[in-house]
1. To the nearest µm²/s, what D does Stokes-Einstein give for the range 144-281 at 25 °C and 0.890 mPa s, using the Kirkwood radius over alpha carbon pairs as Rh?
2. How are the Cα pair distances of the chain distributed, in percent, across 10 Å bins from 0?
3. Calculate, for Ala223 and Glu144, the FRET efficiency according to 1/(1 + (r/R0)^6) with r their C-beta to C-beta distance and R0 41 Å; round to the nearest 0.05.
4. When the expected Rg is taken as 2.2 N^0.38 Å, what fraction or multiple of it is the alpha-carbon Rg of the range 40-195?
5. Please enumerate, by chain and number, the aspartates and glutamates with C-alpha under 14 Å from the C-alpha of Lys205, excluding those fewer than 8 residues away in the same chain.
6. When the dipole is taken about the Cα centre of the range 62-123, and only Lys, Arg (+1) and Asp, Glu (-1) are charged at their Cβ, what size is it in debye, to the nearest 20?
Amino acid sequence: AKGAGKGRWRRYQSDLHTAVLERLELRAALDQAVKDHQFVLQYQPIVDLETGVPLGFEALVRWNHPTRGMIAPGHFIEVAEESGLIVPMGRMVLQQALSTAGRWQRSTAQGALRYMSVNVSARQFRTPGFVEEVRQMLHTSGVEPGTLLLEITESLLLRNDDQVRADLDALRAMGIRLAIDDFGTGYSSLSYLQHMPIDVLKIDKSFIDDMLSSTQQRAVVTAIVQLAQTFNLSVVAEGVEEAGQREALQEIGCPYGQGYLFARPLSEPDAFALIPKTAPF
Ligand code: C2E
Ligand code: CA
Ligand code: CA
Ligand code: CA
């Protein structure tokens, strides 16, 4: 038994060793990825649940590794965050998303692309100069500030940080809109909804997943939609995969959705093809 225990310990140590090594390798490879601009974006439509028409898109980063191919963000965002590489990576993402939005807007009818949504990590947001950078990028891309929707997380709002508050206000004053991503998963007191300059709530996929089988989860979704209405916010359901979920969301009064039922994240040309060529109103 003792021998077996020892074997387990060795195996554990070597697994740990491998894990540490892998993390270091990943970090080094990510460093190179930033230097070589190996990040590409895919775009997933956010649709009007009534009509299915895309109103905007969320830009989602992928790492196009020279030998390993496309890598999903779940494999590298955490290490990017820890190492700080999320800051230059996020800058490239924002730049690329805005340049795409500018190109799309110049080749479609006015109002056909209402917004481009971009994820911003808390660390990226807190980097001094972030607001100025966004202002510069908007200027360079020629994209109207009202077209840009920044997706932030509840954790950024939790600490009640004066600098964060000032930056959110500055972005809002520029005309940029702000969404809370993965809404409902944080430890929010919800009181911040009263005084924070937020425009959109994105209901986390986990609630949508179970809303047909669990009356409790459905009640949570209903409560979030009502909360949004009370605070005059827009609301988007994430991870809509089934027609039944879409119907339930419409019954509840949720106006917008995103998910595989409508489209997966798409390449730039495939996403562009989905934009209505005349304004949908
Ligand atoms: P998120 O912001 O919650 O993005 C939605 C994720 O759900 C995306 O995964 C999307 O592909 C996936 N998804 C959308 N609809 C469905 C559906 O119907 N079913 C299922 N199973 N999944 C669906 P993805 O692209 O792998 O991104 C994962 C996470 O990585 C994102 O979650 C976001 O937190 C982060 N991320 C992605 N791009 C960026 C970025 O540019 N910057 C930062 N900071 N984070 C990013
Ligand atoms: Ca998001
Ligand atoms: Ca989300
Ligand atoms: Ca999510």
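Each reported figure results from applying straightforward, stated rules to the coordinates on display, with no laboratory input. What you see is a predicted model; the values in this text were computed from it and never measured. Reconstructed Cβ throughout: ideal geometry from the backbone, glycine too, with neighbour counts over all protein chains shown.
1. 152
2. Pairs per bin, as whole percents: 6, 26, 32, 23, 9, 3, 1, 0.
3. For Ala223 and Glu144, the calculated efficiency is 0.80.
4. Normalised Cα radius of gyration, the range 40-195: 1.06.
5. Those aspartates and glutamates meeting the cut-off are Asp181, Asp182, Glu238, Glu241, Glu242.
6. 340
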